[in-house]
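Read-outs: derived from the displayed coordinates by stated rules, not from any lab. All figures in this text were calculated on a predicted structure; none of them were measured in a lab. Note that we place each Cβ from the backbone using ideal geometry, even for glycine, and neighbour counts take in every protein chain shown.
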Ligand SMILES: *Cc1c(COP(=O)(O)O)cnc(C)c1O
């Protein structure tokens, strides 16, 4: 099958494995369980180790099944190459392990996935300074940049309050300053948004969420969009400078982060993620439509104090979201009126599951302040605009009317 640049998103993913020779004509890339790879000629083994010939060496730094998934992620992001990791957090941790040095500075957002925020605090304790600013306005990021700034790291839509980073202007700023621009695309996924379109150099995805989509497998990926000039990045070690400039960043990440820290994606997980990824467009269309219907219904109800969803005209960045994203995402959050207890409300829901996680086929709900944001304390929560009664909803693919009935029945009970 020949490569065809004009195929749509889903066609491209479905037929991605067949772009390369695939064993026995199997439509799925087989699960290769071998940890090591043998060569008839010992000289070939040496050539692979010396980077003179392509080939697999050891499962920790590459596997054919994982490579097939990496190709698929690269196609989804319109990028140049990707590296998969065992989890989304391993992919984010790899940025630190593979690309940053003591004394470096990172500008990130105050509205971050909780574990990423926690990770940046760990990084700060190890000598990389991290500034947390309100990245919905590029001016705050620009003001935080210092001569030591090596990276700007933001998410697309923040979880749980759905603030949207000033993604386009941040891209322009980073290009002008020659700073690596990293976008965590998990909340939008490459189906709703390609960070390459706003100038991101690297894109992070938690494959666990919308890409795998069924809450049954963990994974993460970093994609190089090909836009960043690695020859300008000061932290590339001499060994990786020997590669052509476009390959330097990923070569160092694969060796220094994936190989040396070993948070590798298993071939079984890669297969499971690849199967899930085939239906991402269908799932997200339904999830986003369901999220919009639920958000509209709740916003119109006097028993609901506020709804945060980029698809609502009341959202401060509704116009920006309309401009950037194919749809407004599968996640929203809301606060009930003060006299309705959020735990009682959650317990009256029949379909929605009280659980963390997002981007699943099933609708999940969680009282944010008491769970995923409990550890950071009341003061930081207040700073992030997270009220005690805030409920986060990750909307699934259930029939729309069933969800509307469930969420409204719980209001009246
Ligand atoms: C879930 C998530 C992660 C971490 O992904 P895991 O696969 O759970 O490790 C990172 N960033 C965002 C925005 C997420 O939602």
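General remarks:
- The equivalent ellipsoid of region 234-373 has semi-axes of 40, 19, 17 Å, largest first, where each one is the square root of 5 times an eigenvalue of the Cα gyration tensor.
- In a fully extended conformation the segment linking residue 259 and residue 361 would gain 33.4 nm over its present Cα-Cα distance, using 0.36 nm per residue.
- 342, 84 arranged by Cβ crowding within 10 Å, fewest neighbours leading: 342, 84
- Using the average count of surrounding beta-carbon atoms within 10 Å as a protection proxy, the listed peptides 306-317, 10-21 rank, highest first, as 306-317, 10-21.
- Computed over the chain, the ratio Rg/Rh where both radii use C-alpha atoms and Rh is Kirkwood: 0.98
- Cα extents of region 308-374 along the three principal axes, largest first (Å): 37, 29, 24
- Highest mean first, the peptides 242-251, 343-352, 188-197 sorted by other C-beta atoms within 10 Å per residue fall in the order 188-197, 242-251, 343-352.
- Every Cα-Cα pair in region 51-206 was counted, and those over 25 Å apart are 29% of them.
- Among beta bridges that DSSP assigns inside region 150-210, antiparallel share in %, nearest 5: 10 percent
- Percentage relative contact order, region 233-367, counting C-alpha pairs under 8 Å, at least six apart: 16 percent
- Peptides 124-130, 136-142 ordered by average Cβ neighbours within 10 Å, highest first: 136-142, 124-130
- The calculated pair-distance distribution of region 1-125 uses every alpha carbon pair, bins of 5 angstrom beginning at 0, and gives 2, 8, 14, 15, 16, 15, 12, 10, 6, 2, 0 percent.
- Max mean-square fluctuation residue, GNM over the chain, Cα-Cα springs under 10 Å, options 374, 96, 113: 374
- Ranking of 224, 229 by count of other Cβ atoms within 10 Å, fewest first: 229, 224
- On Cα atoms only, tilt of 400-412 relative to the major axis of the chain in degrees: 40 degrees
- Cα-based Rg and Dmax for region 115-191, where Dmax is the largest Cα-Cα distance (Å): 12.5, 36
- Diffusion coefficient, µm² s⁻¹, Stokes-Einstein with Kirkwood Rh over alpha-carbon pairs of region 188-314 at 4 °C and 1.567 mPa s: 74 µm²/s
- Only Cα pairs under 8 Å and 6+ residues apart enter the sum, and on that basis the relative contact order of region 132-175 stands at 41 percent.
- In region 56-187, the DSSP beta bridges split such that about 5 percent are antiparallel, to the nearest 5.
- Rounded tilt (10° steps) of 267-277 against the dominant C-alpha axis of the chain: 50 degrees
- Share antiparallel - DSSP beta bridges, the chain, percent rounded to 5: 55 percent
- Full-extension gain in nm, residue 10 to residue 371, via 0.36 nm per residue minus C-alpha separation: 126.4 nm
- Whole-number percent relative contact order across the chain, with pairs defined as alpha carbons under 8 Å at least 6 apart: 16 percent
- Backbone N under 20 Å from the residue 278 label point (7 Å along Cα→Cβ), restricted to region 349-382: 360-362
- Fewest-first sequence of 368, 152 by Cβ atoms within 10 Å of each Cβ: 368, 152
- Full extension of the chain between residue 44 and residue 399 yields a length gain of 122.3 nm, computed as 0.36 nm times the residue separation minus the alpha carbon distance.
- Residue 146-residue 216 pseudo-label distance in nm [points 7 Å out on the Cα-to-Cβ vector]: 4.8 nm
- The angle separating the long axis of helix 167-177 from the principal Cα axis of greatest extent in the chain is about 40 degrees.
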